[in-house]
Amino acid sequence: MNTFGRLLRLTTFGESHGPALGGVLDGFPAGFAIDEAAIEEALRRRQGGRSDLTTPRRESDKVRFLSGIYEGRTLGTPIAFVIDNADTRSQDYSQLSDLYRPGHADFTYQAKYGHRDPRGGGRASARETVVRVVAGALCEQWLRAEGVHISAYLSQVGAVHYDDSHLYEAIHLTEGDKVLLQRRYEQVVPCPDKAASERMASAVAEARDSCDSIGGVISCRVDGLPAGLGEPLYDKLSSRLALAMMGINAARGFEIGDGFALASEYGSVANDPFVPTEAGAIVQQTNHCGGLLGGISTGAPLTFRTAFKPTSSIGREQTTCRTDGPPTSLSITGRHDPCVALRAVPIVEAMTALTLMDFYLLHRAYSTAERG
């Protein structure tokens, strides 16, 4: 499938070394004023070639909108856009077309389609995510107007852990923690803590210098969500978030709230009590559940983590086989990220925004139908 969403639907197209990538975002409400500078900033955060810790491939990532926006406002019609590919070096892949790279989708794409584009992984390349970032930046602007704020950041790179419990578990953030989140992209890698960010950067550099790669974990916190978003039983917000995150290249694990740690807890510890406020509202006292119960938002902060495997393309010699069967060995050259998780942070934010805005529109559609 190349389409994501129900009422708000993103369809993407293009390959890593094709002339361009693009998308069509259908279902975006009319009359919303678009901040193109915010879209450019989201693309810059994902962009390679800006640090020696990422791929040297540096595309301009200039988005061209073809439809759906007029005089800076959305029309309610499909928003179509393209991003040209310019910094391609297809010759880097000329020796790889007749073998299966370890950890890549070469074998599975060949098994499924019988024909594949070996240049940069073709459609399976993380280059495709540039389209998701454009669409997600549009959705994030809409959500911010509704008071929703999405903050993703690196909480682990290899064996380097950042203790983010004060950001991840708190019902209400302190002003200091809000500033930390706001400045996460100012660090050498997108982690709120400067010291942890520098340790992570060192781990990535060590992997790169040894012609290897390293994995990471991205945490995400969403503030300002109302209670009631999500559709039981088979279209839970938790289910769709898992679909969104696991659809990102190299994603290998997903958990909401305390996730896997809850498997070793007692219910007396894991349950989140509800308490009344002085204003008469009902709120959660703790947030082990990550802001979701029954797959529906509780009004508490939405928190989740996504684990990313090490980049499959590495310079170390590996064993594999050719497409016609004989075994061989290879060392992959070219331009690759030593840690894909670094540039996946804005992608996690984009897919979160696409998911949440779709559920907002679904919720409003049902509410309107009930009033009618």
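Just a few scattered comments:
- Cβ pairs under 9 Å, 6+ apart, first in region 96-119 and in a strand (DSSP E or B), second open to solvent by 60 Å² or more (accessible area, probe 1.4 Å) and not hydrophobic (A, V, I, L, M, F, W, C): L99/R322; L99/T323
- Condition check for A38: in contact (Cβ under 8 Å) with a residue 24 or more places away in the chain, assigned to a helix (DSSP H, G or I), in contact with a Pro (Cβ under 6 Å, 6 or more places away or on another chain) and open to solvent by less than 50 Å² (accessible area, probe 1.4 Å): no
- Residues satisfying the stated conditions in region 153-175, i.e. without any contact (Cβ under 8 Å) to a residue 24 or more places away in the chain and out of contact with any helix residue (DSSP H, G or I) (no Cβ under 9 Å at 6 or more places or on another chain): S165, H172, E175
- Filtered by the rule that a residue be among the basic types (K, R), in a loop (DSSP other than H, G, I, E, B) and open to solvent by 60 Å² or more (accessible area, probe 1.4 Å), region 282-330 gives a lone residue, R316.
- Qualifying positions in region 180-195 - among the aliphatic types (A, V, I, L, M) and surrounded by 12 or more Cβ atoms within 10 Å (Cβ to Cβ): L180, L181, V188, V189
- The strands (runs of 3 or more DSSP E) found entirely in region 162-281 that carry 3 or more residues being farther than 14 Å from T306 by Cα are 274-276.
- Answer residue from region 331-372, given it is β-branched (V, I, T) and open to solvent by less than 20 Å² (accessible area, probe 1.4 Å) and is nearest to A126 (Cα to Cα) among those: I347
- Residue in region 82-97 that is farther than 30 Å from I314 by Cβ, modelled with pLDDT of 90 or more, in contact with a strand residue (DSSP E or B) (Cβ under 8 Å, 6 or more places away or on another chain) and open to solvent by less than 50 Å² (accessible area, probe 1.4 Å) present: yes
- Exactly one residue out of T298, T328 is in contact (Cβ under 8 Å) with a residue 12 or more places away in the chain, within 23 Å of G230 (Cα to Cα) and among the polar types (S, T, N, Q), and it is T298.
- Unique match (being open to solvent by less than 40 Å² (accessible area, probe 1.4 Å) and modelled with pLDDT of 95 or more) among G72, G18: G72
- Scanning region 50-69 for residues that are part of a loop (DSSP other than H, G, I, E, B) and open to solvent by 60 Å² or more (accessible area, probe 1.4 Å) yields R50, D52, P56, R58, S60, K62.
- Residue pairs meeting the criteria (Cβ under 7 Å; at least 6 apart or on separate chains; first more than 13 Å from H161 (Cα to Cα), in region 199-217; second modelled with pLDDT of 95 or more and open to solvent by 40 Å² or more (accessible area, probe 1.4 Å)): S213/P310; I214/P310
- Residue match in region 254-275 (condition: open to solvent by 60 Å² or more (accessible area, probe 1.4 Å), closer than 29 Å to F4 by Cα, at pLDDT 95 or above and in contact with a Phe, Trp or Tyr (Cβ under 7 Å, 6 or more places away or on another chain)): no
- Of all the criteria given as (1) within 20 Å of the chain's Cα centre (by Cα); (2) under 30 Å from R57 (Cα atoms); (3) small (G, A, S), the one not satisfied by G290 is (2).
- Close contacts from region 53-68, counting a first residue that is farther than 14 Å from A137 by Cβ and a second that is outside any loop (DSSP other than H, G, I, E, B) and among the aromatic types (F, W, Y), with Cβ to Cβ under 8 Å and a gap of 6+ residues or different chains, come to R64/F81; L66/F81.
- Where a residue in region 126-138 is within 16 Å of T311 (Cβ to Cβ) and its partner, wherever it lies, is open to solvent by 20 Å² or more (accessible area, probe 1.4 Å), with Cβ under 6 Å and at least six apart: A126/N249
- Selection count, region 196-237, where residues are surrounded by fewer than 21 Cβ atoms within 10 Å (Cβ to Cβ), farther than 29 Å from G103 by Cα and of a type outside the set (S, T, Y): 10
The values are calculated or read from the model by the stated rules, or taken from the named source; none is laboratory data. The structure displayed is predicted, hence computed values, not measured ones. Note: ideal-geometry Cβ built from the backbone for every residue, glycine included; neighbour counts use all protein chains shown. With ligands, DNA and RNA removed, areas are computed over all heavy atoms of the protein, side chains included. Shrake-Rupley method; radii C 1.70, N 1.55, O 1.52, S 1.80 Å.
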